[in-house]
2 protein chains.
Amino acid sequence: MALEHAILVSLLEKPGSGYELARRFERSIGYFWTATHQQIYRVLKRMVGDGWIDVHEVAQQGRPDKKEYSVAAPGREALSQWLHEPVEPESIRHDLAVKIRGAAFDDPAVLIREVERHHRVHSERLAHYLAGERRDFTGPGAAGTLDAGRELQHVVLRGGIAYERMTLDWLDDVLATLHRIHGPEAGG
Amino acid sequence: MALEHAILVSLLEKPGSGYELARRFERSIGYFWTATHQQIYRVLKRMVGDGWIDVHEVAQQGRPDKKEYSVAAPGREALSQWLHEPVEPESIRHDLAVKIRGAAFDDPAVLIREVERHHRVHSERLAHYLAGERRDFTGPGAAGTLDAGRELQHVVLRGGIAYERMTLDWLDDVLATLHRIHGPEAGG
DNA sequence: TTTACCATGTAAGTGGTTACATGATTAG
DNA sequence: CTAATCATGTAACCACTTACATGGTAAA
């Protein structure tokens with residue numbers, strides 16, 4: 001499991017509340033990891049209990065108070081230890097691939113609409129990632145002058161971009177295949 | 001959840017035992033879905049209870065008896081219904097991406113070895129997929145003469161191949177980035 | 001006789017999802 | 001007055017992993 005470690009990395013990059021972490025998991029960190037606020041609050045509580053992170057209440061004006069979390073020494077140590085352990089290269093788990101093979105036993109036309117829908121979603125994600133890249137990693141301060149942390153954030157983002165591009169190409173391939181096996185029988 | 005549906009598709013392609021399903025999940029279906037035998041036996045039991053699949057004991061010579069499962073009418077119906085429902089386009093969940101961002105707060109040299117290890121694993125997977133493609137989808141019977149089921153299996157396999165190639169390219173990018181931020185300081 | 005493969009399961013624990021619940025502030 | 005955003009949590013359930021457990025056959 002790595003949610004604890006993802007939280008540690010995020011808090012090292014910038015301390016924040018559970019709510020803020022949840023928002024980050026919807027955005028930049030969500031390129032490669034997702035977590036809901038319920039999950040985050042539960043883990044945060046455990047991490048405080050384990051002494052990995054510190055909390056302090058922050059009063060705000062015009063907003064509810066929040067608890068700001070930051071990484072404590074044992075948390076940094078735990079992260080370092082995890083970074084030294086190997087993790088399993090993970091496999092993809094695609095509902096859509098199951099559906100594609102299932103289409104052999106059902107109407108492929110239904111699947112065509114589903115694949116087109118996925119294509120739209122992945123196009124939007126790609127556009128979103130590219131916008132983030134333009135915003136955060138181009139212009140003044142780019143081209144070799146970034147610090148290590150930003151370089152690493154950028155290479156992770158490039159991974160997300162490569163993933164979306166590959167997926168879009170593959171979905172085109174899937175659509176062409178579906179039309180090939182469906183079209184001749186049903187007239188396109 | 002789609003483990004039930006993945007099992008239905010697999011049993012429609014060819015009836016088999018829980019053990020055989022587990023092996024298939026390590027191989028072809030494992031390109032996009034994983035499941036252990038414990039999980040499969042549990043789900044199989046539930047599916048029999050729900051009337052989605054039928055069992056019959058098969059005596060074998062030189063081997064333990066097995067229970068062969070095949071899809072029943074309600075199972076086919078359930079699969080069809082699922083195929084007509086939209087599924088969420090899923091996001092990647094990469095421990096390695098967490099580690100890469102975490103490397104900003106630790107020794108990047110450790111991460112270089114980890115990334116190289118992942119590179120080797122993905123190279124092996126790619127070689128394995130390509131061997132499967134040569135074995136099952138080339139030679140006599142290929143080039144437009146495949147039936148729909150095999151065409152669909154092939155396009156899913158091409159997805160696995162594309163994923164591995166993209167991942168290898170990205171891991172090269174990660175390594176280059178790590179050397180860039182680490183090399184100048186440590187002379188590596 | 002040891003290893004590998006065939007074959008099926010239980011039990012305990014962990015992690016993740018969904019639903020429920022509260023309450024303040026700001027903008028329309 | 002309504003909706004959106006900020007902010008934090010509990011409870012129940014479900015999926016998945018890991019460890020344990022059994023027992024037969026075939027090949028080295």
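The values are calculated or read from the model by the stated rules, or taken from the named source; none is laboratory data. Quantities reported herein were computed from a predicted structural model and do not represent experimental measurements. All Cβ positions, even for glycine, are placed from backbone atoms using ideal geometry, and neighbour counts span all protein chains on display. Accessible surface areas use protein heavy atoms only, side chains included; no ligands, DNA or RNA. Shrake-Rupley method; radii C 1.70, N 1.55, O 1.52, S 1.80 Å.
Quick notes
- B:TYR69 fulfils the conditions (1) within 12 Å of DNA strand D (Cβ to nearest atom); (2) surrounded by 16 or more Cβ atoms within 10 Å (Cβ to Cβ) except for a single criterion, (1).
- When segment A:170-183 is filtered for residues that are at pLDDT 95 or above and at the interface with another protein chain (Cβ under 7 Å from one of its Cβ atoms), the ones remaining, listed by number, are A:TRP170, A:ASP173, A:VAL174, A:THR177.
- Test: residue in segment A:56-68 that is more than 8 Å from every other protein chain (Cβ to nearest Cβ) and small (Gly, Ala, Ser): yes
- Among the residues of segment A:81-101, those that are surrounded by 15 or more Cβ atoms within 10 Å (Cβ to Cβ), facing chain B (nearest Cβ under 7 Å) and assigned to a helix (DSSP H, G or I) comprise A:LEU83, A:ASP95, A:LEU96, A:ALA97, A:VAL98, A:LYS99, A:ILE100, A:ARG101.
- When segment B:1-30 is limited to residues that are open to solvent by 60 Å² or more (accessible area, probe 1.4 Å) and not charged (D, E, K, R), the one that is farthest from B:ILE161 (Cα to Cα) turns out to be B:TYR19.
- Evaluating B:ARG117 against the criteria (1) within 15 Å of DNA strand C (Cβ to nearest atom); (2) within 21 Å of the chain's Cα centre (by Cα); (3) surrounded by fewer than 16 Cβ atoms within 10 Å (Cβ to Cβ) leaves one unmet condition, (1).
- Qualifying residue in segment B:124-131 (condition: open to solvent by less than 60 Å² (accessible area, probe 1.4 Å), closer than 24 Å to B:PRO15 by Cβ, more than 8 Å from every other protein chain (Cβ to nearest Cβ) and over 15 Å from the mean Cα position of the chain (by Cα)): no
- Here the condition is being away from DNA strand C (no atom under 13 Å from the Cβ), within 19 Å of A:ARG101 (Cβ to Cβ) and surrounded by 12 or more Cβ atoms within 10 Å (Cβ to Cβ); of B:ALA78, B:ALA104, it holds for B:ALA78 alone.
- Taken over segment A:26-39, residues that are of a type in the set (A, V, I, L, M), in a loop (DSSP other than H, G, I, E, B) and at pLDDT below 85 amount to 0.
- Residues that are more than 12 Å from DNA strand D (Cβ to nearest atom) and in contact (Cβ under 8 Å) with a residue 24 or more places away in the chain occur in segment A:18-30; there is at least one.
- Just one of the listed residues (B:ARG42, B:ARG23, B:ARG63) is near DNA strand C (Cβ under 8 Å from one of its atoms), modelled with pLDDT of 95 or more and not in a strand (DSSP E or B), and it is B:ARG42.
- Cβ pairs under 8 Å, 6+ apart, first in segment B:153-173 and open to solvent by 30 Å² or more (accessible area, probe 1.4 Å), second not in a helix (DSSP H, G or I): B:GLN153/B:SER28
- Qualifying residue in segment A:75-91 (condition: at pLDDT 95 or above and within 9 Å of DNA strand D (Cβ to nearest atom)): no
- Filter result (exposed (fewer than 13 other Cβ atoms within 10 Å of the Cβ) and more than 10 Å from DNA strand D (Cβ to nearest atom)) within segment A:31-49: A:ARG46, A:GLY49
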